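Take a look at the structure set out below.
The values are calculated or read from the model by the stated rules, or taken from the named source; none is laboratory data. Model, not experiment: these values are computed from the prediction. So basically every Cβ, Gly included, is an ideal-geometry build from the backbone, and we count neighbours across all protein chains shown.
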Amino acid sequence: MIERINNKIRLGAERLRIFLETDPKLLFLFYLLLAMILRWQTFWKGELDHDISTYLVMANEWLKGHVPFVYYIDVKPPGIYALFALAIKLGGHVLYGVRIMGAVFIALGAWGFHRSASIIFTNFWQGLVSGILFIGAISLHKWSWAVNTEIFFVSITGLALYYSLKKPDWKNALLWGGILGIGFTIKYHILFDALAIGLLYLLYNQRRESMGKLILNAGLAFFAFILPFGLITLWYVANGYTDEFLYVVRDIPSRYQNAVSLADRIQFVSEFYVAFLPLSLLILFALFMGKGVKGAHPVIGWFVLIWTISCWGAILLTGKPFFHYYVQAIPPLIFGVIYAVSGLSAGGVPKWSPLLVSIYVLLVLLSQFIQLPKYSQKGLREMEGRIAEQLDEDDRVYIQQKNILYFLLDRSPIERFVHNSLMFSDDHIHAFGIDLETEAQGIQELHPEVMLLLKDTPAAFAHLSDGYTPLDTFANHWVLWSDETRHSSIQP
């Protein structure tokens, strides 16, 4: 029975191959459909991650003319806010707009990794498996559901990798360098992917072009890489925002303290490979069997190893063991799997692969059904509705650790540090140079009409509620306050 099912799946897979190879656009649409299916449940949920909430708030404020780093402070490069602003502009003032944009980027990344694997391993099926595995892996765990910076720059890496493997001429060099440069404006960590891809470009293409021309093209790629961020830097300098820009890109990162022990780092890396244990075991089994790979360029194995080490270097360099950083390690893992499978099957794809890939997709969906119920919109929407009842058109509001509400209410924050944790974490307070007393005094002077404060608010903010009347409590964690001078006119 299993053999009959597998044969039917293989027949369907062959028809799919013929269909997808007729037009590259069909391949992208296939991956977009798969990404939408595997991530659709996340589109309608409430807050999935406070980083994304910050990007939404800062992007929304940018659309109002409040330039990032000048009016509101966060340490991510401006590219991520530009993407979110574009999603708001195109999709409206809704949460699912950026999530759909995330699915589009994931599909582009899968398309890029597919085309790259097809070139490297000279086989359509290796490409298809790499694309499907990428979308599945990036949708499997809750730490990758939120459309964080990793989703975008890792997908961009897939496109850059493809164009670096295509015809090694100056046009493609400018293209893959520029694509990586755009990724650098989203998150600096892509630099480590760029180093691995640059090395692959030189080694893989030396049979197709002279080393002199390859080095020249690599120089053009480097120019294209630095151009996007260079233009952003020039814009801030030309508009008189040099100090604000340097404060974010130089001063804040230099103040973070790396307090993660070697044991914690080893555990953090190990947990990633445990999370994808079947894929990890497949690679180990192939290494143990000592199978070579037919059809692949001899440098590919070294590339996968160097890429893996480079990505982990980027992840561990921050000293912050945040699980969403794992996303950067997914592509080299996927290529390691394809490399291993190719070796075990003498350059082809094992006949049981279609069945296993189908089971893999179903497991991703099952994983979401198990994990997603905790992300309910009910509490968030209750807060939004209750606060909205209290606000007149020109009223100001101050919100602690629920910055997504600024976006949902379309209200401008009255504090500069809009990320949920910046004024509540000693590490962030030190890095950003935040004076809590000064910030609390500034909020008091602005005297917002409505505040949502933590029930156990830090000592520096303890007096913020003086002169306010409590209206409601949410999740036994937040208290909604209203200026008592207008309380008599408010219907609680």
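What the table shows:
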item: Test: residue in region 227-244 that is in contact with a His (Cβ under 8 Å, 6 or more places away or on another chain) and modelled with pLDDT of 85 or more; result: no
item: Top-ranked residue of region 93-151 - restricted to ones that are closer than 24 Å to GLU271 by Cβ and of a type in the set (S, T, N, Q), ranked as farthest from the chain's Cα centre (by Cα); result: SER130
item: Flag for ARG411 being without any contact (Cβ under 8 Å) to a residue 40 or more places away in the chain, in a loop (DSSP other than H, G, I, E, B) and charged (D, E, K, R); result: yes
item: Extreme residue, surrounded by the fewest Cβ atoms within 10 Å (Cβ to Cβ), among residues of region 386-435 that are among the polar types (S, T, N, Q) and closer than 14 Å to GLU449 by Cα; result: SER412
item: Breaking point among (1) in contact with an Asp or Glu (Cβ under 6 Å, 6 or more places away or on another chain); (2) farther than 17 Å from LEU56 by Cα; (3) touching a residue at least 40 places away in the same chain (Cβ under 8 Å), for ILE404; result: (2)
